[in-house]
Amino acid sequence: MAFYSKNPRNIINNLKSKVGLWSLMKQSHGTCSYSSCLNTIHLHRFLPLTTLPQFTNPDSISHKKGHFPHFQRFQSTTTEKQIDSVPNGEQSQVLDFPGGKVVFSPEMRFLSESPSVYSQCYRVLDDNGQLISHSNFVPVSEEVAVKMYSNMVTLQTLDTIFYEAQRQGRISFYVTSIGEEAINIASAAALTSDDIVFPQYREPGVLLWRGFTLQEFANQCFGNKADYGKGRQMPIHYGSNKLNYFTVASTIATQIPHAVGAAYSLKMDKKDACAVTYFGDGGTSEGDFHAAMNFAAVTESPVIFICRNNGWAISTPTSDQFRSDGIAVRGQAYGVRSIRVDGNDALAMYSAVHSARHMAVNEHRPILIEAVTYRVGHHSTSDDSTKYRPANEIEWWRMARDPVTRFRKWIEINGWWGSEAESQLRSSIRSQLLHAIQIAERAEKPPVNDLFTDVYDNIPSNLREQEKLLKETINRHPKDYPADVPI
C-alpha cells in the first residue's frame, strides 16, 4: 500500500479506509503509571526500553508480568483524535500500530546519529578501591568477597602458567583473560548454579567459580583421556554438563542466539533460572547478535547478554567497528533494558548482574550489560598486539586499572585480607596448578577412533571408511603422527 498526502490528517483518513484494525485513542495532558510496568531494583540506571508518550488511560497498557506497553495489541477498531502538545500548538494524533504507538507530527525531525548525552558507566569503586560517595550496590559478605578475590587471583595465575606452557610448546594454543578477571568472577558470583551459561572463549573464570578444578582445566588444555571433549577441541574450549556451561565454540557470536533459545525454554518450563551469554565487542558486529537481541525482546526471554567491550576485536578497534555510543544503546533500540558498567570494578559487575538476573527471572525480560574493560593480553598466543597498539597503553591498563588490585584494596580496607593471606594464596595456587599440569601431561591420550564417535548412534559406512584410511596412513607414516595417541 502506498499513498501520498501533504496533510497528516489525510494520512490518517487514508489509513482508516485501508486498515480496520488500527485505532486512535484519546489523550489529554497528564501521566499514567507507566513506571509501574517497569518494576525492578533501581540500583543502577538501566536504559529504558524505549521512549514513549505518557498516556492518561492506564487500561491501554498491559501490566501483566513480562509484557510491555509497546508490545500491547489493541482490540479497538474505531479511530478518534488524540490531543498531544506540538511546537506550533496544533493537534497531533497517535496511531495504534501493531507493535507500538506512532505519534504523528507536522514537524520533520530526523533522529540524530549520535546522542547529545553519552550513556553513563556505572561504577562503585574508584581506581584505588575506595567506595564512591552515594554509590548504590548489592552488599557482598566477607565470605563471598574473599572467594571472589581468591578466584580472580587463581584465574590470573592460571593464565600466566598456561600461557608459558604454550610458549614452551607443551600445549598448542591459549587465550588469556588478563584484565577481564572482574567480569568473569563477579558475574559468576551473581548467578546461580541453575543458570545456563553460553560462553565465548574468555570466560574460564565462570567455570572456576562453579567448581571446575585446576585438574579439569589442565586435562582439557592437554587434550588427554580425561578431557570431556576427548581431545577433539582446541585448548581453552571448555565445557561442563554438570556445571551448566555449554562447550566453547570458536565461531564468533553463534552462542548468542543459542542462549536466547535456551532462555525461552526455561520460560516455557517455568524454571526459576535464566540463560547467560558472553561475547566481545567484535561479536556485536555479527548478524547473530542482532537476531538474538530481537528474538529475546519479542519472546520476552529471561536471558542476560554480557558484552565484554575490551576495545579490540583482535586487531580491529571499536572505532572501526561501529559509530554508536558503545553497545548498551543497541539494546534500547531492540526493546531490551540495558546498562553500561565498569568491567574492571568487581563490585559494580556483581551488583549489575545480580540485579539483571532478578529482572530477567522475575519479569521475564532480556537484559544487556556492556562491561567496559581492556584486553591487557594478546588476543591469543597466535597474536602480537604490540603490532597494532602501543605498548605503553597496554602497560597503563595493566598497572593503573587492574581489576584484581582494585578489588584487593577494597577487601583490605574492610579488614578481610592481608599480606600473609596473599602470599599463601598465590603460592598454593601455583603449586596446585603445576602439579595438575604434570598429571595432565603424563596422562594417556584418547584413541584415534574417538574422532569418529559420539555423533551417530550407529557410525555410517563413510565414516568407517575414513577411520580405516586414517589408521592405514598412520601405520605407513608413524613418524608424522604423535606416538602417544593409541591407534
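Of all residues in segment 431-487 being open to solvent by less than 50 Å² (accessible area, probe 1.4 Å) and among the hydroxyl-bearing types (Ser, Thr, Tyr), which is farthest from Phe162 (Cα to Cα)?
Across segment 431-487, the extreme among qualifying residues is Thr473.
Could you please give the count of residues in segment 371-394 that are open to solvent by 40 Å² or more (accessible area, probe 1.4 Å) and free of Cβ contacts under 8 Å to residues at least 60 places away in the same chain?
6
Do any helices (runs of 4 or more DSSP H) entirely within segment 318-417 hold 1 or more residues that are farther than 20 Å from Met148 by Cβ and either among the aromatic types (Phe, Trp, Tyr) or out of contact with any helix residue (DSSP H, G or I) (no Cβ under 7 Å at 6 or more places or on another chain) (or both), and if so, which?
Hits in segment 318-417: 328-334, 346-363, 391-400.
Output yes when any residue across segment 118-135 is in a strand (DSSP E or B), touching a strand residue (DSSP E or B) at 6+ places or on another chain (Cβ under 7 Å), on the phi < 0 side of the Ramachandran plot and open to solvent by less than 50 Å² (accessible area, probe 1.4 Å), and no when none is.
Yes.
Working carefully through the options Thr251, Thr277, Thr284, Thr247, find the one that is in a helix (DSSP H, G or I) and either farther than 30 Å from Gln168 by Cα or of a type in the set (Val, Ile, Thr) (or both).
That would be Thr284, the only listed residue that is in a helix (DSSP H, G or I) and either farther than 30 Å from Gln168 by Cα or of a type in the set (Val, Ile, Thr) (or both).
Restricting attention to segment 395-402, does a residue exist that is crowded, with 24+ Cβ neighbours inside 10 Å and either at pLDDT below 95 or among the basic types (Lys, Arg) (or both)?
Looking through segment 395-402, none of the residues is crowded, with 24+ Cβ neighbours inside 10 Å and either at pLDDT below 95 or among the basic types (Lys, Arg) (or both).
Conditions tested, residue by residue: (1) touching a Pro at 6+ places or on another chain (Cβ under 8 Å); (2) open to solvent by 40 Å² or more (accessible area, probe 1.4 Å).
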site	(1), (2)
Phe217	yes, no
Ala226	no, yes
Asn241	no, yes
Tyr245	yes, no
Ala253	no, no
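Table: residues versus (1) on the phi > 0 side of the Ramachandran plot; (2) out of contact with any Lys or Arg (no Cβ under 8 Å at 6 or more places or on another chain); (3) not hydroxyl-bearing (Ser, Thr, Tyr).
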position	(1), (2), (3)
Ser301	no, no, no
Val329	no, yes, yes
Tyr350	no, yes, no
Met359	no, no, yes
Leu368	no, no, yes
Trp396	no, yes, yes
Phe407	no, yes, yes
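Have a look at Val353, Val372, Val404, Val376 and point out the one that is in contact with a strand residue (DSSP E or B) (Cβ under 6 Å, 6 or more places away or on another chain) and either among the hydrophobic types (A, V, I, L, M, F, W, C) or not assigned by the TED database to the domain that holds Thr157 (or both).
One residue alone meets the criteria, Val372.
Go through the residues of segment 288-297 one by one and say whether even a single one is among the aliphatic types (A, V, I, L, M), modelled with pLDDT of 95 or more, surrounded by fewer than 17 Cβ atoms within 10 Å (Cβ to Cβ) and part of a helix (DSSP H, G or I).
Yes, because at least one residue in segment 288-297 is among the aliphatic types (A, V, I, L, M), modelled with pLDDT of 95 or more, surrounded by fewer than 17 Cβ atoms within 10 Å (Cβ to Cβ) and part of a helix (DSSP H, G or I).
The values are calculated or read from the model by the stated rules, or taken from the named source; none is laboratory data. Quick caveat: nothing in here was measured; it's all calculated off a predicted structure. Using ideal geometry, Cβ is built from the backbone for each residue, glycine included, and neighbour counts are taken over all protein chains shown. Heads up: the accessible areas ignore ligands, DNA and RNA and are worked out on the full protein's heavy atoms, side chains in. Shrake-Rupley method; radii C 1.70, N 1.55, O 1.52, S 1.80 Å.
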